[in-house]
1. Within 10 Å of each residue's Cβ, count the other Cβ atoms and sort B:462, A:95 from fewest upward.
2. Where the centroid of each part is defined by its Cα atoms, how far is region B:152-204 from region B:298-350 in Å?
3. Return the unpartnered cysteines for the protein assembly as shown, using a Cβ-Cβ cut-off of under 4.7 Å.
4. Can you work out the Karplus-derived ³J(HN,Hα) for every residue in region B:887-901? Use 6.51 cos²θ - 1.76 cosθ + 1.60 with θ = phi - 60°, whole Hz, and x for glycine or proline.
5. What's the average, rounded to a whole number, of partner chain beta-carbon atoms within 10 Å of each residue's beta-carbon in B:563-576?
6. How large is the translational diffusion coefficient of region B:237-391 in µm² per second when you combine the Kirkwood radius over alpha carbon pairs with Stokes-Einstein at 37 °C and 0.692 mPa s?
7. Kindly provide the helix-only [θ] at 222 nm of the protein assembly as shown, computed as the sum of -39,500 (n - 2.57) over DSSP H runs of four or more divided by all residues, to the nearest 500 deg cm²/dmol?
8. Using only the Cα atoms, work out Rg/Rh for region B:499-583, with Rh taken as the Kirkwood radius, to two decimals.
Amino acid sequence: MSVSLRVKNSANLQHLRGPNLSEVLTRFESSDLALFRYRNLAEDQFIAKLGREELLIRSEIDLSDSLESGQYAFQRGDAMFELSGNWKGLLSEVCIFDFRQSRPGDFLMVSMAGVSVWMLVPEVDKPLVLGCDPTYGHYLLETLQRQIDESPFLKME
Amino acid sequence: MKLRLPPQPYEWLDRKQIIEFEFEGEVYEGFKGDVISGALWANGVKTLGRSFKYHRRRGLLSFANHDINALFQSKDYPNIRGDVTQIEDYMNVRAVNTFGSLKHDKGTLVEWIGKFLPVGFYYKAFYSPKFLFPKWESLIRTMAGLGKVDTAWGEERKPKRYLHCDVAVIGAGPSGMAAALKAAEQGVDVCLIDENAFIGGSLDYQYANEPEQVSNRKRLKQGIASHPNIQVVSSAYVAGYYGDHWLAINTPQGLIKLSAQSVVVATGVFEQPAVFRNNDLPGVMNASAAQRLISRYAVKPCNTAVVLTANAEGYRAALDMQQSGIEVKAILDTGERLCRWVQEAESSGIIIYKNVEMVEAIGKQALEGIVFKANGEQKTLECDGLLMSVGWAPAGAPIYQAGGRFSYDSTLEQLLPSLLPDGVFACGRLNGVFDIEHRIQDGEQAGLNAALYAKREPLVDCLDFRAAQAHSHPFPIWEHEKGKNFVDFDEDLQLKDLKGAIAQGFDNIELMKRFSTIGMGPSQGKHSNMNGIRILAKARGQSIDATGSTTARPMFHPTPVSHLAGMRFRPERLTPIHTFHQQAQAKFMEAGAWLRPEYYRTGLPRKMCIEAEVKAVRNSAGLIDVSTLGKLEVFGQDAAELMDRLYTMRMSNMKIGASRYALMVDDAGVVIDDGVAIRYSEEHFYVSTTTTSSDSAYRMIQKKLIEWKLSATVLNRTGQLAAMNLAGPNSRKVLAKLTDLDLSNEGFPYLAMRQAKLSGYPVTLIRVGFVGELGYEIHTDASNGLAIWKTIMKAGEEFSIRPFGVEAQRLLRLEKGHIIVGQDTDGLTNPFEADMGWAVHLQKPYFLGKPSLSKLKVMQSRTLVGFELLSNQAEHVPLESNLVIEDGEMAGRITSIGFSPALDKHIGLAMVDVALKAIGSTLHMRLSNGRMVQAKVVETPFYDPQGLLQKPQETLQEEVA
């Protein structure tokens, strides 16, 4: 099974920090969202719970106007990618994480080829979405593509 | 192919594909799947290599990845193992370690003078006279070693992989397969590793002709193939066993790092050769090697065989030979034994000699016959194959490396595991279990317990399946007065060599090993150590356990450095404005993980490019990308308190809309970072860090937040924001074209911060001047960075604005006497030494490092001073880190130096003893070539000491918002 890599647009990615974020979760019908889990909202939109007072949201809804006191929203311009096919095989060459421990819907933060990366663990046979600091984007893209093109392990699978 | 057999039931060949390859200048044919040694043997080539020291002819011995006398050299690789490396079309190999050719090797002269080269001779022979040593060294280097390394090799890196499982099973023989299947049936993930291309192990060569094993073979192999929890990693060996059950698995594709919860070691045993005169003649081989040759590669080991045995397996081998059409002249049993295979051998008409002793092989270029004694009578048999089946040694490297131990079992005459670390399980022949059904059962119980261990469940008691009789000869060594009875085939060590070493006092196993080099060849003693231990034990009258054994360290087989190195992951960061820098011909430099423009190339020499950038900033306007600065958002109820504790200056009294220099020290008072802090609101600060310390500062602050239990949040937004610094006397005019913001001194005074829009993009502007001119630091979302940069460059065209790089900035800041943390400070510098006592507010109740700084304030022994060189001659210019010398002693070092176009002289900063800090003092600096130059201590800043240029016509002196 081959693996393919695609660059994704990261527009509308927001990082929310602050107390009492339950209202935001309710607004996205995700009150029951557990820690380090994410939920798809629509095509290319999701909400992920990173902590009691921390959310990562990709949505066309601008939240900056509806923040309560003590809540902060920061725009994020992460480099985002989509991996289809044998993404576990590819990631095993750049990441120590044991993906047997993850399940669909998990929001993971891992180190990949020396770069901190977050990822949305997909349903079986669906593509994996991952993102990183935008300044590392070109490096991660080149590194993953090189592995895809050259890895003898991947060629065998 | 003279010795090729008809298709065998479990052969590894693809007979449809014929492969031609070249060996020693002659072309041979083989089938796809053949290994080099097997294909040559099939073609009747029995001399595969020359021995290391005496250059004696050598053939097959183990045929199990330990045949060090059958190593080959190709154009690209040395020391290719012929017993495991497959032939390929157009492959061209030669034997290693020959002088001339394999057939006519001049190195055989060494054997003629062999009696003058006893064990350890080189320790004693070459040290005197000393002047001759270089000649000896040259000779030794020419004679020693095996293949030739191409020193013009190119870099080669193979990927590494991480693999995770619950149970790892090393070895896919009958026990290993049974263990893997049983473990998988418990619902755990299993990884089954075997160094052969196909699983099956001895089930497919030692039991190939046993009809009773057909069902076991089918059940195990099909079970493994169909079980979703089992991953087979074949053609791969466990190179090392490390803590927490991490295994390094080497594969042709690269290294796999496997993490397991528990490990089953089912690595089996190495067949051990017997030691007798001429036991190295081509045609003398281990019985299991002959069985592998037939079963896997359909090659006859010989036409006429004699089997020397001390166990039942020898009889099985004899039957296998007979079944393959080989004439079995006799079985020479060193004792007497009873088992089914003995009866079958007798029934098949094979002559059996019992209680055989004093075996000797005869022949010139290959085995031609054997001489032996049976029941006191000497006999001679003609044969071209002598198969040795005299015993086994455990392939115990993984257990040794995991921290386990072995001890000698005198019933089995074999080392057996006596201590297994938690989570490590052993089974099969390694564990002393020899009956095939028992081996499978032993594997099953090891697999079950490994699975239970991985699931944190109680283990079950195990049955003892160990054999009740020996499968190894206690001393398979027959001394001969004429010698040539080899113990170590890698190092050409004979029985007399080991006896000589022991006689000289090297009678400890470790000493004997190092003096004689037994076990130190490429096979690492896999077929010599056990006999070596037996010889030493007998010589000393000790037991095997008392004699001890050597340690089996990683790697199990030689592992290519390209595999160990793996791919190179070197993260690299690019700023949001990188594409502009590329188009503007920037010469990039590394700053930590970042790539930054060192300067912009204009076709002129580097120095002139940099000076032009400096002049642009001093005379009009320049723009530098400072997106690499760390950028931290600090917010929350206790944000001000946190800022006060983190930085040496008071931050809680900063006005909203103001900025302040932010200096950070560690607990010891050492300067670790600096930047600029601004205050957005009562509970929201934004602070920059130096380029390389954003991550470390962020980590440290997070740690302190927890330690101090403050209600605040810190976000590292370094990569999410772009930043640039517009500087120069015309910078305000450039900016005015792009914003409605009041940029006047009154509307936007020095050190103030403003949030505004620049060409429609939201930005934060800070009026600070690192380079000593009117300047604005512009911070914005990374996505807007490039557009804003281009807009400013466009707006600045009428002022001849230039982008400037790191080198120009370093010079500009040096002229202002501003330090760079990490360059002008070191791992011990405190703020008082850096002449920055003004940035330390000891009146604050607490800040990080305050207790240390309170003491250090009065303990200053060195200080940073500015200097100018007294000579401007290029050859008299010292470098950064050149020393300051006073009275012959080191009195300091240069931290920064550069030529100032504005001052037309070389200026710099130096960390010197306080005794030298007086203005006008002469500093004596030692150049790299040892010459001395002089400099004079001067006031800093060197340029615009009043700071008028960075706040032109500005009367207000205090910080404002």
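Every read-out reported here was derived from the displayed coordinates using simple, explicitly stated rules and does not represent laboratory data. Values in this document were obtained by computation on a predicted structure and should not be read as measured data. Using ideal geometry, Cβ is built from the backbone for each residue, glycine included, and neighbour counts are taken over all protein chains shown.
1. Details: B:462 15, A:95 20.
Ranked by crowding around the Cβ, least crowded first: B:462, A:95.
2. Value for the Cα centre distance between the two parts: 33 Å.
3. Among the cysteines of the protein assembly as shown, those whose Cβ sits 4.7 Å or more from every other are A:95, A:132, B:302, B:339, B:383, B:427, B:462, B:609.
4. Calculated HN-Hα couplings, in order: 6, x, 10, 5, 10, x, 8, 7, 9, 9, 7, x, 8, 8, x Hz.
5. On the way: counts 0, 0, 0, 1, 8, 3, 10, 4, 12, 9, 8, 6, 2, 3.
Per residue, the number of nearby Cβ atoms from other chains is 5 on average.
6. On the way: Rh = 17.1 Å.
Roughly 192 µm²/s, to the nearest whole number.
7. Values: 28 runs with 256 residues, N = 1118.
Roughly -6500 deg cm²/dmol at 222 nm, from the helical runs in the protein assembly as shown.
8. Numbers: Rg = 24.8 Å, Rh = 16.5 Å.
Computed over Cα atoms, the ratio is 1.50.
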